[in-house]
Amino acid sequence: MSMVIDGTNGVTFPNTTVQTVAALPLTGGQLSGNLTFATGTNGIIFNNSSAAINSTLNDYETGTWTPTDQSGASLTFSGIAANYVKIGKVVCVQAFFTYPSTASGSAAVIGGLPFTNPTSNYASGPLDTSAAVVAMARTQTSNTNLDFRTLSGNTQITNTQLSGAYVIFNITYNATF
Amino acid sequence: MTLASTTIIDKVETLQDGTLQVRQAEIITKDGVEVTRTFNRWVRHPGDTEAQSDPAPVPAIASAVWTQEVISAYQAQQAQAKP
């Protein structure tokens, strides 16, 4: 059960104990402490008409992740700055790094996304790069990889095309939960 | 005043297909009281050999969860055609 607030019973916590609003750590009418939910499945339920499981906000997290080369060319990126924000099951990832000089003709593939991308779930975002390509970043399904593809034609960008170039991208995708 | 930094694996989420989502936390304490906690994440899929080099308890969880059946099922799923 998640926390429920109503005008009659006050605040109800997962152990089903009903507390009055006055029992909360309030200072000047504002909550002065944290609300911590008992398990990862509890959260705030928004009372709309859909099922509760699809209306529960149960996660927020920020952190870093490490983009790695998954093209098979064993490339080492430099200047990595990569962050994520997860709100519910929505994950926003951002990354900035530089490709080494390479003659590898393999398709560029980046691994290390902070959450796995579910089956049949694709997401894409524009790619900002110093390379002479017009492309987007796109997640692969059922793994933590993404690749770079032309805006039309679905042609994968190769490592050679990104040799020595910086790449910046921002993608929003859905995690499994 | 004493500042200290500790790095731990504070969460490992096991998905239905056996994928492990690992969260590493760096905890900064001041005189024994936590003042900040920052996260770094990575994911290990069934059969990933890198998992055995991860900090505990990731190798143990991987060994327990990743049966040959789980690994084969994941690899078969990955082999399916994708756009």
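The values are calculated or read from the model by the stated rules, or taken from the named source; none is laboratory data. Computed from a predicted model, the values in this text were never measured in an experiment. Positions of Cβ are generated from backbone atoms using ideal geometry, with glycine treated the same way; all protein chains shown enter the neighbour counts.
Overview of values
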quantity	calculated
Region A:66-84 - residue that is under 17 Å from residue B:50 (Cα atoms) and among the hydroxyl-bearing types (Ser, Thr, Tyr) and, of those, surrounded by the fewest Cβ atoms within 10 Å (Cβ to Cβ)	A:74
Matching entry among B:56, B:51 (being exposed (fewer than 13 other Cβ atoms within 10 Å of the Cβ) and either in contact with a strand residue (DSSP E or B) (Cβ under 9 Å, 6 or more places away or on another chain) or under 19 Å from residue A:143 (Cα atoms) (or both))	B:56
Selected residue (criterion: farthest from the other protein chains (Cβ to nearest Cβ)) from residues of region A:141-154 that are under 20 Å from the mean Cα position of the chain (by Cα) and among the β-branched types (Val, Ile, Thr)	A:141
Output for region A:32-75, where each listed residue is away from chain B (no Cβ under 14 Å) and either in contact with a Leu (Cβ under 6 Å, 6 or more places away or on another chain) or charged (D, E, K, R) (or both)	A:43, A:44
Single condition residue A:174 does not satisfy, out of (1) in contact with a Pro (Cβ under 8 Å, 6 or more places away or on another chain); (2) within 19 Å of residue A:98 (Cβ to Cβ); (3) not basic (Lys, Arg)	(2)
Single condition residue A:138 does not satisfy, out of (1) outside any loop (DSSP other than H, G, I, E, B); (2) touching a residue at least 60 places away in the same chain (Cβ under 8 Å); (3) within 15 Å of the chain's Cα centre (by Cα)	(2)
Extreme residue, farthest from residue A:159 (Cα to Cα), among residues of region A:76-96 that are more than 14 Å from every other protein chain (Cβ to nearest Cβ) and under 18 Å from the mean Cα position of the chain (by Cα)	A:88
So residue A:126, is it modelled with pLDDT under 95 and either within 10 Å of chain B (Cβ to nearest Cβ) or over 23 Å from residue B:48 (Cβ atoms) (or both)	no
Verdict on residue A:32 being among the small types (Gly, Ala, Ser), surrounded by fewer than 16 Cβ atoms within 10 Å (Cβ to Cβ) and modelled with pLDDT under 95	yes
Enumeration of residues in region B:59-76 that are surrounded by 14 or more Cβ atoms within 10 Å (Cβ to Cβ), over 13 Å from the mean Cα position of the chain (by Cα) and among the β-branched types (Val, Ile, Thr)	B:70, B:71
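One line per residue, one yes/no per condition, for (1) more than 13 Å from every other protein chain (Cβ to nearest Cβ); (2) in contact with a Pro (Cβ under 8 Å, 6 or more places away or on another chain); (3) part of a strand (DSSP E or B):
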| residue | (1), (2), (3) |
| --- | --- |
| B:1 | yes, no, no |
| B:16 | no, no, no |
| B:23 | no, no, yes |
| B:26 | no, no, yes |
| B:38 | no, no, yes |
| B:63 | yes, no, no |
| B:72 | yes, no, no |
